[in-house]
Amino acid sequence: MKFFPALSRRDRASAVPVTLLLLACACSSGGGGSTGGVIPPPNPGVQPTIESIQNSIFTPKCALSGCHTGATPQPIQGAGLDLSAGKSQDSLLGANRLGVASTIDPAFMRVVQGNVADSYLYMKVVNDPRIDVALNPGVCSMTTTTTCMNDGECPMGETCSVRGARMPKNGPPLSNAELAAIAEWILNRQPGDPGPPGY
């Protein structure tokens, strides 16, 4: 069966998106269609590449003012970890890709390549009990640029956190898909291997 018998190959290719749009509108006009005639684009979710993790997690949820961004990320709030675009991989793995110790708890590396459970990055996003370490000074619960020793040093209504906490700070936990992407990225890394672009 020929759908476009009078059209050239190029004309047929350009006609397909229009035909699909018309079909979508026709299907939704009979009631019961919940998309209002618009077919949502596919959502593949975050992928286990540094670009995808950067765009989906680090940039919108971590590389925020007073947290994990800037030439000198806040030493307490950001733990000296820069997760801004173009900086996160060096900050997590080191320029030589051999690893960087956590500044909050130097007993752990930020990323132990091939070892998810002992990677401090992963421990922080899953709220591993091992992240519960004393901070001196602490951090006010909402004002990420304010350090404190007690509640009285924080703005009204805020409390002074003096223990390590789950990340993202003051935000919802990462989704299972986001956690899985970070875990797979860690598992696929090899010490000292810069990996292909986007790895």
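Overview of results
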{"item": "Placed amide H near R189: partners under 5 Å, 5+ positions off or other chain", "result": "G114"}
{"item": "Residue order for K61, K124, K87 - accessible surface, 1.4 angstrom probe, largest first", "result": "K87, K61, K124"}
{"item": "Extension reserve of the D151-S175 stretch, reckoned as 0.36 nm per residue once the Cα distance is removed", "result": "5.5 nm"}
{"item": "Interchain or long-range residues, amide H under 5 Å from M109's placed H", "result": "S102, Y120"}
{"item": "Rg/Rh for the stretch 110-149, where both radii come from Cα atoms and Rh is the Kirkwood radius", "result": "1.10"}
{"item": "FRET efficiency for L187 and T159, using Cβ-Cβ distance with R0 set to 35 Å, rounded to 0.05", "result": "0.45"}
{"item": "Pairwise label distance in nanometres, N96 with A134, each label 7 Å out on the Cα-Cβ vector", "result": "3.4 nm"}
{"item": "Two-site FRET efficiency, N127 against E51, from Cβ-Cβ distance with R₀ of 25 Å, rounded to 0.05", "result": "0.45"}
{"item": "Cβ-derived FRET efficiency at R0 22 Å, N115 paired with S65, nearest 0.05", "result": "0.10"}
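The values are calculated or read from the model by the stated rules, or taken from the named source; none is laboratory data. None of the values given here were measured: they were computed from a predicted structure. Every residue, glycine among them, receives a Cβ derived from its backbone with ideal geometry; neighbour counts consider all protein chains shown. Surface areas here come from the heavy atoms of the whole protein model, side chains and all, with no ligands, DNA or RNA. Shrake-Rupley method; radii C 1.70, N 1.55, O 1.52, S 1.80 Å.
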